[in-house]
Amino acid sequence: MNGLVSLGTRLGRAGLMVFGVLVLSFLLIRLAPGDPALLMAGEAGVDDPVFIANLRQQMGLDQPLLQQLLLYLGQVAHLDLGYSYRNQTSVWSLLAERLPATLSLMGSAFVLSSLLGVTLGVIAARARQRRHWLDGVISQGALLLYAVPTFWLAMLLILLFSVHLDWLPAFGMESVARDLHGAAWLGDRLKHLLLPCLSLSFLFLALYIHLTRAATLEALQQEYVHTARAKGLRPRRILFGHVLRNALLPVVTFAGLQLGQLASGALLVEVVYSWPGIGRLMYDALAQRDYGVLMGGFLLISLLVVGFNLLTDLLCRWLDPRIGAGGQGT
Amino acid sequence: MPAPQHPPRHALKRLGLAVLTCVAMFGSTVQAAPQDGGILNLIAQPEPPSLMHGVVTHVSTQYVSGKVLQGLLTFDTDLKPQPVLAKSWSVSPDGLTYTFDLQPGVTWHDGKPFTEQDVLFSFNTFYPEVDKRFGSIFEQFVAAIDSSKPLQVSFHLKKPFAPLLSSLGSGLRPVVPKHLYEGSDLRANPYNLKPVGTGPFVFQEWKRGAYIKLAKNPHYWKQGLPHLDGVVFHVIPDGSSRSAAFERNDVQVLRAGDADYSDLKRLGALPDVVASEQGYELYAGLAFLQINTRKPPLDNPKVRQAILTALNRQFIVDNIFFGAGRVSQGPFVSSTPYHDPQLPQYAYDLKKAKALIAESGVDVGAVRIRLLNGEKGGAWERLAEYTKQALQPLGFKVQVVTSDAATWFQRVSDWDFDLTYNFIFQIGDPYLTNAYLYRSDYILKTSPFANVSGYNNPEADRLWNQVVDTAEGPQRQKLYSELENLLNQDLPIAPIFEMRYPTLYHKQVHNLLRTATSLNEDYESVYLDAPTP
């Protein structure tokens, strides 16, 4: 019962958080200069004042700001994210069209960086214990990856693997002109995904390595590890059954926070690799002052971040039952 | 058994030489027959907001929808009108009636026949409604557009209007299908996003943020055309990625502006790449410094002349734009017949610029000048920085204000700037494009491409009105010369350079640049050497 109340409270807080993000983003994007109606008329090659005034009216931009905000919140409450006049379609359909691309990129980068990062972090920690050179290689390599700007790394990967070696495609998420099915289709998608996924993973990979290495080293010093060793448990069992379970707590917390950063990192990667995701949709919407699409993007990302944080909380409780049970969690 | 007779070695040499000579003489002139098949991969950047260039004149929209929709005529690279949907045309001796005979046997992509009714709807209803500039010109000059027999349309003018053919053949006025547009909200019509035309390619799919696919029109009205199976436009937002895609031959054509100017030289030197400046004869680009003439010290013509004199425009062309242009000769592009070759020039001369400032008697350092820099790319940012430095010796205090494209658009439209760089395409007759930058009735707060300088000279207005009422000929040329001299002296806009548009394409692509409407033509005869499946 307590758990349900706690979950309800958390959900309520999350709802308030999303509401706050919506209101703040609404006000912030309207602070930026740039008139969507003027821009749209400009793209159409029209400078007729009547046309621009009509467009402004159609978009509701002639209303006071507070009224615009209330109208928008009312729409959102009815699950209506509005209409993109620039794209001549609903914001929902634009987001739905782009969401799979972003989720596949973020999801694959998340899985790759977390699995590889944790594995390499554990290996580095074990190597450190044995004063093996592998620790230096992994730690310094991770530092190098962390220091390289994502967009630059992405360009280097394109130059190496696409231009010089001709192994992987340079842009897009599919071979457009080829009619592929089944395994060939999947292979083509994976080939297109590899470089963007690597570029996005590298930054987080480094963080996972360092975090896991430090947490594992700390856990290895704990008394329960000595006890386990004294009891004659095999090193592998100690590592996976005791050390890793405790060392993973900060890693899981970080993973929850990573999603928000992934969304912003994905924007750069999406631009460099022409990946048709939400990040690029928002980037274009910002340039065109397409308020509806921008707000829809903010809403979606805030929902993802808040949802992921909630999931992280639950996962941490499962990993360490002391959390939330009145005990002192790690 | 006698040994086989070998031809003497010198005879072989002669034979080889003869073959080589033949190849050298004829090889370059005999072209292989066009091959059918293959997909041409292009870049549509930025992604177009609409695929109907009759409604949206966005450069990417024209590029894509120019393959689907067609106009009455086009222009060849010598700026001579060529037939498209109009088979032929004639002009009455008094220059007041233009009669167009239309191509027979043309169908829209949905199978409906193309008729004179489509042309009448396009120019009587569609364009006057969606394009107010066009509408007001037509209201001023066109008495009626009618048809006296099938597949024939006549434009009856109130008074001679020399730029009529330029206007119809600019590539911006495709004929639209009456049966799909009549009675609808023309700007919100769903066919603006999935165009139906008469062109060699049929709209197939638009995956936003990724690509636009066009397929071969199997019922195209010209027998045996088009050669290509389809055209794919890829949306690639990053300039370096566009260069890489071209280098890999993932895309076969790179338009001017697709890559940074600094990258064009390297890409143009690749072994299988052709660089050409052909095809932009009708779209003569003019880059200029827009001056807000409302406030001191920029309200003084001497100060404006000093600014232009202090800018080393050859340096700008050579070092900032890497040779992609030539120093401007005046307010009208020098490659068009409307430019006066005798026009006085503002050669770079710092001493003279200082003398002009002294002559003006104005303290140019009294106020800070804001040079508003939009988001047009690296070269334009370098140009803004150069301008700041170049004007310092004259005593100007220039502050470069950088903004994103949307902010630039709004601030220039609101006249909230002192100096800013911009460019236009002079489409043939200056009355159709340049006039909006100078005419006092276009001092509007609705577009950066109106008279945002606030230039108001009744004499210039009078000349604009007179020039449009005068038929092509020496008298009109004289008026244009007089007008250009006046604008060159007042300088509300300082012409910097005439833009050159290097198009890079892989050698496997043929017949790419055939008309003067840049790459916006329909590509009916484009073919690939080694078509890809």
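Table for the structure above
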| read-out | value |
| --- | --- |
| Reach of B:K132 by Cα under 13 Å, taken over aspartates and glutamates that are not fewer than 8 positions away in the same chain | A:D47, A:D48 |
| Area accessible to solvent at B:S184, 1.4 Å probe radius, in Å² | 40 |
| In order through the stretch B:501-517: 3J(HN,Hα) via Karplus (6.51 cos²θ - 1.76 cosθ + 1.60), integer Hz, x for Gly, Pro | 10, x, 9, 9, 8, 6, 4, 6, 8, 10, 6, 7, 10, 9, 10, 8, 9 |
| Heavy-atom accessible surface of the stretch A:1-91: percent carbon and sulfur, 1.4 Å | 68 |
| Probe 1.4 Å - accessible area at A:L31, Å² to nearest ten | 130 |
| Sequence-distant lysines (8 or more away, or on other chains) whose Cα lies within less than 29 Å of B:K265 | B:K67, B:K376, B:K388, B:K507 |
| Members of the stretch B:442-456 that become less accessible by 10 Å² or more once partner protein chains are added (1.4 angstrom probe, chain alone as reference) | B:L444, B:T446, B:S447 |
| Hits among aspartates and glutamates - C-alpha to C-alpha of B:K194 under 16 Å, sequence gap 8 or more where chains match | B:E47, B:D110, B:D185, B:E205 |
| Loop-located trypsin sites (Lys or Arg not before Pro) in the stretch A:231-279 whose Cβ has at most 16 other Cβ within 10 Å (DSSP) | A:K231 |
| 31 Å tail of the calculated P(r), chain A, as % of Cα pairs | 48 |
| Tensor-based shape of chain B (alpha-carbon gyration tensor, a/c under 1.5 rounded, otherwise prolate or oblate) | oblate |
| Within the accessible area of the stretch B:420-533 (1.4 Å probe), percent carbon and sulfur | 54 |
| Solvent-accessible surface (1.4 angstrom probe) belonging to A:R30, in square angstrom, nearest 10 | 60 |
| The stretch B:461-511: trypsin sites (Lys or Arg not before Pro) in DSSP loop, at most 16 other beta carbons within 10 Å | B:R500, B:K507 |
| Hydrodynamic radius (Kirkwood) for the protein assembly as shown, which is based on Cα pairs only, to one decimal in Å | 31.0 |
| For the stretch B:198-287, fraction of C-alpha pairs farther apart than 17 Å, in % | 62 |
| Å² of accessible area per residue within the stretch A:94-324, as computed with a 1.4 Å probe and no ligands counted | 48 |
| Separation between Cα centres of the stretch B:211-265 and the stretch B:336-397, rounded to whole Å | 38 |
| Contact order relative to length of the stretch B:126-172, as percent, for alpha carbon pairs under 8 angstrom and 6 or more apart | 25 |
| In Hz, Karplus ³J(HN,Hα) per residue of the stretch B:273-285 (6.51, -1.76, 1.60; θ = phi - 60°; x = Gly, Pro) | 10, 10, 10, 9, 9, 6, x, 10, 4, 7, 9, 7, x |
| In the B-A interface, the accessible area buried, summed over both sides, Å² (probe 1.4 Å) | 3700 |
| Sparse-neighbour loop sites [trypsin sites (Lys or Arg not before Pro); the stretch B:352-413; at most 12 other C-beta within 10 Å; DSSP] | none |
| GNM top mover of A:A37, A:A177, A:A214 - chain A, alpha-carbon springs below 10 Å | A:A177 |
| Distant-in-sequence amide H partners of B:Y211 (H built 1.01 Å from N, under 5 Å) | B:V235 |
| Accessible-area composition of the stretch A:94-324, carbon plus sulfur, in percent [1.4 Å probe] | 68 |
| Relative frequency of Cα-Cα separations exceeding 20 Å in the stretch A:1-91, percent | 50 |
| Computed [θ] at 222 nm, helices only, for chain B once each DSSP H run of length n ≥ 4 contributes -39500 (n - 2.57) | -8000 deg cm²/dmol |
| Chain B, relative contact order [Cα under 8 Å, separation at least 6], % | 22 |
| Part-to-part distance (alpha-carbon centres) for the stretch A:90-139 and the stretch B:32-64, which is given in Å | 39 |
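The values are calculated or read from the model by the stated rules, or taken from the named source; none is laboratory data. It should be emphasised that the depicted structure is a prediction, and the values quoted were computed from it without experimental measurement. With ideal geometry, Cβ positions are generated from the backbone for all residues, glycine too; neighbour counts draw on all protein chains shown. The protein model used for the area step is the full one, side chains on, heavy atoms only, and it has no ligands, DNA or RNA in it. Shrake-Rupley method; radii C 1.70, N 1.55, O 1.52, S 1.80 Å.
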